[in-house]
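Peer 1: Okay, handing you the structure first.
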Amino acid sequence: MEVGAEGFARRLPRLRRRILRAAFVALDMEFTGLHSTSLQNNEPSLFDSPVERYVKARQSVQRFTLVQLGLAIFSKENSNKYVVHSYNFSLFPSTLGIRDVEFTLSASSIRFLSHYGFDYNKFLKDGIPYMNEVQEKIFRQRLLAGTWKVCSTNNADRDVLKKAIDEVTSWIAAAKEEDTMILQDLNGYHVLEVQLVLRQSLENVWTEPLGDKKVMVKKVSPERRQLLENSSYDHCQKKLILLSARGFTNIFQILVKAKKPLVGHNMLMDLMHLHDKFYRPLPESYEEFKRNIHNLFPVIIDTKTVTKSVQKKCLFPRVSGLLEVYAVLCSSNLNPKGPPCPVIALASGCSRYAEKKSPHEAGYDAFLCGSVLLMSAHLLLCRSTDDVVEADPSFSQYLTVLAEHVNKVNFIRGGVSSINFSGEDAPCRHPPALIVHVRGWPGLTERQIYQEFKARCRFDVRRLSKNQFILLSNQYKQLVLRDYRHHPHLQVSVYRHWRHSPSVNCLLQISGIVALWSLLAFALGGTSCC
């Protein structure tokens, strides 16, 4: 189901009810970019510890924004069946009363989403606003003080507001009290913004939304205007303005209060954007970020870590993409003796995903994510015991068999396999490394080393000393060692910490000097005694 700013407010109560009744909620996001290339050494690397990766990702999250958020709400029926309500929310930063938000677009990300049919008009024209706690506090203070304003800085918004004001000022001069006029063709947030601007500019008008992109304007006396403002029927009450400005943040807060298990796929960036855009700006401290997320969502399940386990424990093809994993789980008979997996049925209004694949559409990927979780959990449950599994397992049984994966979020290309949001991370373990000794090639950089070796294997490069570089790869090829055995400038060998580490070499040199001085002192002392 597509949801934009136009119909968001009226859908909010139903969304709240569905989330509160849900067994779990799956989530996916699409962004204007992933990793900022304008920042030096910001690409993810096998050398990264969780802290180092967080620092890199935090800078990118602060530069990019969300364009679409998908929620798939999975509700358990009486039988062995889950009904899914899947939503696509188009999002756009709030322009009501807060400082104008700036964000960056990555050309490759924009092209990638365009390739999969993403509609940027929905993002720009009908995006649901949102704000985090810091932005909301500023807006609330200005709203109560009456010093806030609509932050419509682009030409399209200005044209809409100017056209509305011109129409009303031309009409009101000849209008009598209680006369009305209709403003038409107002999209989404313009319905509220036009009313607020007119009320701020003209003390003798009253406005009411009529639906279908229309606003009614009535000429009233100042006394009548004051009575209407104090009535419960005012659609521009301060609490309603705040509700509208918070937009999707209302859904975020419902999710936080509901404490339902939150499911994603490779969801570290999703969690960082959730924190930054709807809760608070990302803290500098990695550990504080982890604590905050765990307090907000005590049960997080990353299907990437779950499917890694399924691949190890079952005869499961090695596929990595979410759609490929879903296809394998749907088509393979991996559990011939156990009871069948739960039936997963899309609710009416969301059936498009049953008829057509829509990869990299957030609502579709959220649906895939929740479905993969259920099918994987059922498979692990059946494999975990020799006893007969009941025909209708509860979701709590699935959570029990998934316990080792709960709050473990996949860590892509780094020193650990996952981030533990409910405890300490595992120690970093890097794959076997190679060391490159440079001779007769002055000024060689990490980038040049990367370009030299990339045709043979994908290495991450880090300088060890002036003439030494370390290469890391998940699976380097022995031919690299063979091909560079007689290279005139580059000598490649397997890295040995005790032999190549500068700190170990420094310690050995100091120890050698101390031993030499001790020996010399002993020899001189022996000579003087003679």
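Peer 1: Sequence neighbours fewer than 8 away in the same chain don't count; with that in mind, list the lysines whose C-alpha is under 18 Å from K356.
Peer 2: none
Peer 1: Using the Cα centre of the chain as origin and beta-carbon charges of +1 (Lys, Arg) and -1 (Asp, Glu), tell me which of A523, P298, H360 is placed farthest towards the positive end of the dipole.
Peer 2: Towards the positive end, the residue furthest out is A523.
Peer 1: Moving on to the next point. List the chymotrypsin sites (Phe, Trp or Tyr not before Pro) in the stretch 208-252 that DSSP assigns to loop (not H, G, I, E or B) and whose Cβ has at most 15 other Cβ atoms within 10 Å. Which are they?
Peer 2: Answer by residue number: Y233.
Peer 1: Just to make sure I understand: if all protein chains stay in place, what is the order of K357, K259, K277 by accessible area at 1.4 Å, largest first?
Peer 2: I get K357, K259, K277, largest accessible area first.
Peer 1: Quick check: pseudo-label points 7 Å beyond the Cα along Cα→Cβ at N230 and D387, how many nm apart are they?
Peer 2: Here the answer is 6.8 nm between the modelled labels.
Peer 1: For V134 and Q478, what is the calculated FRET efficiency with R₀ set at 45 Å and r taken between the beta-carbons, to the nearest 0.05?
Peer 2: 0.25
Peer 1: Enumerate the residues in the stretch 422-446 having an amide nitrogen under 16 Å from the point lying 7 Å beyond the Cα of C457 toward its Cβ.
Peer 2: Answer for this model: 430-437.
Peer 1: Hey, another quick one. Using alpha carbons only, how many angstrom separate the centre of the stretch 277-315 from the centre of the stretch 333-388?
Peer 2: What the calculation gives is 21 Å, centre to centre.
Peer 1: Need the full-extension length gain, N333 to C428, defined as separation in residues times 0.36 nm minus the C-alpha distance. One decimal, nm. Numbers along the way, then the final one.
Peer 2: Numbers: separation 95, 0.36 × 95 = 34.20 nm, distance 3.66 nm.
30.5 nm is the gain from fully extending N333 to C428.
Peer 1: Which length gain, in nm to one decimal place, applies between K356 and T445 when the Cα-Cα distance is subtracted from 0.36 nm times their residue separation?
Peer 2: 27.2 nm
Peer 1: For the peptides 21-33, 366-378, what is the packing order when you average, over each peptide's residues, the other Cβ atoms within 10 Å and list the highest mean first?
Peer 2: The peptides rank, most packed first, as 366-378, 21-33.
Peer 1: So, R0 is 25 Å and r is the distance between the beta-carbons of H437 and E43; what FRET efficiency does that work out to, to 0.05? Kindly include the intermediate steps, with their values, before the conclusion.
Peer 2: Numbers: r = 25 Å, r/R0 = 0.99.
Step by step, r from the Cβ atoms, then E = 0.50.
Peer 1: Full-extension gain between A403 and I165, please, as 0.36 nm times their residue separation minus the C-alpha to C-alpha distance.
Peer 2: Using 0.36 nm per residue and subtracting the Cα-Cα distance, I get 79.8 nm.
Peer 1: I'd like the carbon and sulfur percentage of the solvent accessible area for the stretch 434-503, probe radius 1.4 Å, heavy atoms only, ligands and nucleic acids excluded. If you can, show how the numbers build up before the last one.
Peer 2: Details: 2160 of 4520 Å².
Carbon and sulfur together cover 48 percent of it.
Peer 1: Quick one: accessible area per residue over the chain, 1.4 Å probe, rounded to a whole number of Å²?
Peer 2: That works out to 52 Å² per residue.
Peer 1: Using 7 Å Cα-to-Cβ label points, what is the N80/W517 separation (nm, one decimal)?
Peer 2: A separation of 7.7 nm, rounded to one decimal place.
Peer 1: Taking the Cβ-Cβ separation of H294 and L464 as r and a Förster radius of 35 Å, what is the calculated FRET efficiency to the nearest 0.05?
Peer 2: 0.45
Peer 1: Under a point spin-label approximation (7 Å from Cα along Cα-to-Cβ), what is the V101-M181 distance to one decimal in nm?
Peer 2: A separation of 3.3 nm, rounded to one decimal place.
Peer 1: Continuing with the same structure: Take every DSSP beta bridge whose two residues both sit in the chain, then give the antiparallel share in percent to the nearest 5.
Peer 2: Bridges in the chain that DSSP calls antiparallel: roughly 80 percent.
Peer 1: Something else about it: Sorting check: for 121-129, 78-86, which peptide has the highest mean count of neighbouring beta carbons within 10 Å, and how do the rest follow?
Peer 2: 121-129, 78-86
Peer 1: Let me ask something else about it. With a 1.4 Å probe and all protein chains left in place, how much of the accessible area of the stretch 246-360 comes from carbon and sulfur atoms, in whole percent? It would help to have the intermediate numbers written out before the result.
Peer 2: Details: 2710 of 5170 Å².
Carbon and sulfur together cover 52 percent of it.
Peer 1: At 1.4 Å probe size, put W517, W441, W206, W171 in order of accessible surface, largest to smallest.
Peer 2: If we order W517, W441, W206, W171 from most to least accessible, we get W517, W441, W171, W206.
Peer 1: Continuing with this model, one more query. By average Cβ neighbour count within 10 Å, what is the ranking of 320-327, 409-416 from highest down? List each step's numbers first, then the result.
Peer 2: Details: 320-327: 16.8, 409-416: 19.8.
Result, highest mean first: 409-416, 320-327.
Peer 1: Report the Cα centroid-to-centroid distance between the stretch 192-217 and the stretch 19-34 in angstrom, as an integer.
Peer 2: Value for the Cα centre distance between the two parts: 34 Å.
Peer 1: Among rounded, prolate and oblate, which fits the stretch 434-503 when a ≥ b ≥ c are the square roots of the eigenvalues of its C-alpha gyration tensor, a/c under 1.5 means rounded, and a/b larger than b/c means prolate?
Peer 2: Rounded is the answer for the stretch 434-503, as its axis ratio a/c remains below 1.5.
Peer 1: Can you give the charge dipole size of the stretch 434-503 about its Cα centre, rounded to the nearest 20 debye, using +1 on the beta carbon of Lys and Arg and -1 on the beta carbon of Asp and Glu?
Peer 2: With only Lys, Arg, Asp and Glu charged at Cβ, the dipole is about 100 debye.
The values are calculated or read from the model by the stated rules, or taken from the named source; none is laboratory data. Because the structure is a prediction, the values reported are computed rather than measured. Don't worry about glycine lacking a Cβ; one is built from the backbone with ideal geometry, like all the others, and counts go over all protein chains shown. Please note that ligands, DNA and RNA were not included when accessible areas were found on the heavy atoms of the full protein model with its side chains. Shrake-Rupley method; radii C 1.70, N 1.55, O 1.52, S 1.80 Å.
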